[in-house]
1. Counting alpha carbon pairs within less than 8 Å and at least 6 residues apart, what relative contact order, in whole percent, applies to chain A?
2. Quick one: check the C-alpha center-to-center distance for region B:1-78 versus region A:1-21, whole angstrom.
3. Shape of region A:274-488 from its Cα gyration tensor (a ≥ b ≥ c, root eigenvalues): rounded if a/c is under 1.5, otherwise prolate when a/b > b/c, or oblate?
4. In square angstrom, what is the accessible area per residue of the protein assembly as shown with a 1.4 angstrom probe?
5. How do B:LEU483, A:LEU446, B:LEU406 rank by accessible surface area computed with a 1.4 Å probe, from largest to smallest?
6. Can you list the lysines whose alpha carbon sits under 21 Å from that of A:LYS23, skipping same-chain ones fewer than 8 residues off?
7. Mind checking A:69-80 for the average number of partner chain beta-carbons within 10 Å of each residue's beta-carbon?
8. Quick one: grab the alpha carbon gyration tensor of region A:227-304, order the square roots of its eigenvalues as a ≥ b ≥ c, and give me rounded if a/c is under 1.5, else prolate or oblate depending on whether a/b is larger than b/c.
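The values are calculated or read from the model by the stated rules, or taken from the named source; none is laboratory data. Model, not experiment: these values are computed from the prediction. Here the Cβ is made from the backbone with ideal geometry for all residues, glycine too, and neighbour counts use every protein chain on show. What goes into the accessible areas is simple: the full protein's heavy atoms, side chains included, and nothing from ligands, DNA or RNA. Shrake-Rupley method; radii C 1.70, N 1.55, O 1.52, S 1.80 Å.
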Amino acid sequence: MSLLTWTILIPLLGSGAIFLNRKRPEQSKYIALGSALITMLMAVIVYFSFNQENTQFQLGQIINWIPSLGISFAVGVDGLSLPLFILTTLLTTLVVIFSWDVEHRAPLYFGLLMILETGVLGVFTALDFFLFYIFWEIVLIPMFFIIGIWGGPRKEYASMKFLIYTHVASLVMILAIAAMYFEGGKILGYYTFSIPALTGVTFARDFQLLVFPALFFAFAVKLPVVPFHTWLPDAHVEAPTGGSVLLAGILLKMGGYGLIRVAYSIHPEGALAYTNLIVFLALLSIVYGAFVALAQDDLKKMIAYSSISHMGFVLIGVASFNYYGIKGAIFQMVGHGLITAILFMGCGTIQHAANTRNISQLSGLYYKMPVTMTVFVLGFFASMGMPGFAGFVGEFAVLMGVWESFKWVALLVVLGIVITVVFYLWAFQRIAFGDVKESLKNINDLKSFEALPLVILVVLTVYFGLHPDSLLQLIDGKVQDILMILKI
Amino acid sequence: METLTLQDLQFFLPEVILITFAFVVLFISNKNKSSLLPFHLAMGALLGALIFTITQLGSEAILNFGTVEINTFSLLLKIVFIIFSIITVWGSKDFAISISFGKEYYGLILFATVGLTMLGSAGDLITLFIAFELTSISTYALPLIDRSNERGREAALKYFLNGAFATGLVLFGLSLVYGLTGTVLLKEIVPIIAEIGYEPMIVVALAFLVAGFGYKMAIVPFHLWAPDVYEGSPTPVTSFLAGVTKKGAFVVSLKILLATLIVIKIQVSILLGTLAILTMTVGNVVALMQKNTKRMLAYSSIAHAGNILVGLAIITELSVAGSILHIIAHGLMTIGIFFGILYVSKIRGGYDLGDFIGLRWVAPWTAFGLLIILLSLAGVPPFIGFWGKMVIVVSAFELGNWYMFLALALVLNSALSLVYYARVIRVMYMDNKGVEFNMATKQNTVIETREITAATKEIGKLRTSSYNIALYVCVLLITVTGLFPEQLVAISREAARFIIPW
């Protein structure tokens, strides 16, 4: 068992320990924190043992699992998956800390968080399509429970919608995988589900035109792209804060990751044939998401729609299919993961203190919760793409990529950014300033376990904003590798 | 081919053991109702038969002028059916004590198991038919075995009349096949039909066979008996009918249809494919509307019959392997879940969705077992139900063209089925208030709920009930085979090679 395999399995073992220790529910959060920290530590070791010069999959392991179908347990990381891998371990740890006061069915909550982490880590490292699919599906179940048990008033409806919607998408993915298995087998001479092997195959153009839309649909639902986004606002609004952070911070990234790793890398010709449609959908997500966010009274729903808008950047960056576009898209995924975590945690803190998230019922919070509001405004700045924060680097690189490929389309992307600035500043003005409402007289600022994750996230956001090279270097080799596929 | 030698008789040992013990069970004294002797005898017979069958694994033989074939396919199915019967008998321990016909119940199950074990190895139409009828006739009385169950009468009558009618159809189809080919040996039928080529009578024979087996497999539009029978029968019987004997019908269809359809493969594919899509869709849509979990599972079982039929419609080595895999998977899941809901009905009073509210607090392990089986039924990895479906889906892409729509129909139906499975999960784990969100009216509505009384809590502690044991055994098998499916997939593929005639 290699280091990477252990990193994936440790959260699962942690969840097992939590479930076995159900008699003492107060210990579950310590076990969860312990296993999350160990996982993060191991992810850091993975980072340092990773050779940035090499664009191949590294630190991998292949175990024969179902040889009679050509399925193996194969894992490995490269420049595309490693940043998301580390992000996952980081956000899970911070969510465990942020959820320190969860007492309602605590063992189940922390256990599910750990299973979720294993699922996501597996998705980012799997090098076999069936393994990829299995981890992809495993992610759904804990999230279904997290929304359905600890969620808001319409949790039943939201959790069902999330489960069914995303499950349909993944089932469509399995059809595409099955098609690639046989078509690739004919070309390779042996039947395999291995992702590197099938990435090396050049599929016929007609075949790519058929399979790419299926893969695109599967990943577009997860990303989500308008018009496949309707599950997201419901899921986010009803999910507990920890669930929202993981949902927006890492689960959406699975869509972007799949898009780059599978859809674009294996079917570049098919992807280019549909570029116009994809760019249209991406612009729709950016502009529509921003406009709908403008109209929201619920702070959390506003952030949820801003996520849709920001994920549109990822899609259009990938669709521009050039150096800056793809690099920006990957950076944007990591940056958005950090920033959206700040926003959802800030939102959760406000809800804890004020018992409401409605912008119309909040005002003057700056005087009652100065620290939260400072962090919140920094999150807003980062999210709207202010230079100096991680959000800026990703969006700017994407804009460069879009300009290079589509020229004036970039103006529409800028329109999206402008609206984003408007709704963030307007919302902040309404909740932070003005007279303190009667109902908010007695609220307190954030607690220490809420402050710690927020501070860490803000520091990281600023760090990657000022020193983006640390991350860009990591993904550089892989981006050039992806572009080579088409140029040959 | 030679006559039987003494050496060859070892292959009949499992059947001989089962038949002998079936008679012994029937003839023991009936005085002591709570005696566990019939149970131990039945279990002993099944375990003995299982051990002897496992020792034969790997051997290959054609016995008695080709009427009995021993190969991987037949041995695999023997083992599977015997294991299914063991779980059913084990789970029925508490049930058999509570009814007046306890030993007859075990006797009938043993006779039915003999028929099932013969199905896989039958090499000619007559042996096949007799084995099939032995299974059917033994199970006709089962829905009425518990006389305190009022609804059992309707169920038994419906099951018997439909079964007898279906038998007639099958027999007629088989006689047409015999008339065309002049032989009853399956091995000889295949080349003869290939030589005759297309003949209208083959289509007629096929129509009768599909209709006849369609009744037995409960595929739409021959399914109307199934929900009533499954709901009306005592639950252990339902689990045996839906989980075990119905699978026998699939095995027979695999053998006979594959043999006869060689010349009209495409037409048969289209026919079976259409029936499969119809079966999956109708089963799932109707299951979606059920508030009673037992009836819901009856319809879900119909939908799963459609999944298995997809594998039959594609007819490649991989798809048949997928069908075999799904037959095994669905058998395990069905037995497990029916015993699970039986336990729930014992502690909560009924099978309504409302009886499952807050089950997690009343019977945590039962709820957990049901959760695993429900996920497996919905095709969520890493459980065996996922692999069965996925092998069928993957196999559809080997041939391409319209089979891909079959695969699409299968996965969309699979997603649809998750809606009603997840509803049960939600009620068990999330719904402690008994409130349901109504999609149509966008409002919360209170559904009928029974209070968790002190008494039911007390019963909830009886976790060692035999119903629970059957559930846990199934859950264990589903999880282990789901995590390490290699052995099962490999043996299914090998078995499929034996029955594909080309």
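1. Answer for chain A is 15 percent.
2. Here the two parts' Cα centres lie 44 Å apart.
3. On the way: a/c = 3.00, a/b = 1.82, b/c = 1.65.
The shape class here is prolate.
4. Values: 33300 Å² over 990 residues.
That works out to 34 Å² per residue.
5. Working: B:LEU483 70, A:LEU446 30, B:LEU406 0 Å².
Of B:LEU483, A:LEU446, B:LEU406, the descending order of accessible area is B:LEU483, A:LEU446, B:LEU406.
6. The reachable lysines, counting only those whose Cα sits under 21 Å from A:LYS23, are B:LYS457, B:LYS461.
7. On the way: counts 11, 0, 5, 0, 0, 0, 0, 0, 0, 0, 0, 0.
Across the residues of A:69-80, the mean count of other-chain Cβ atoms within 10 Å is 1.
8. On the way: a/c = 3.66, a/b = 1.61, b/c = 2.28.
In terms of gyration-tensor shape, oblate.
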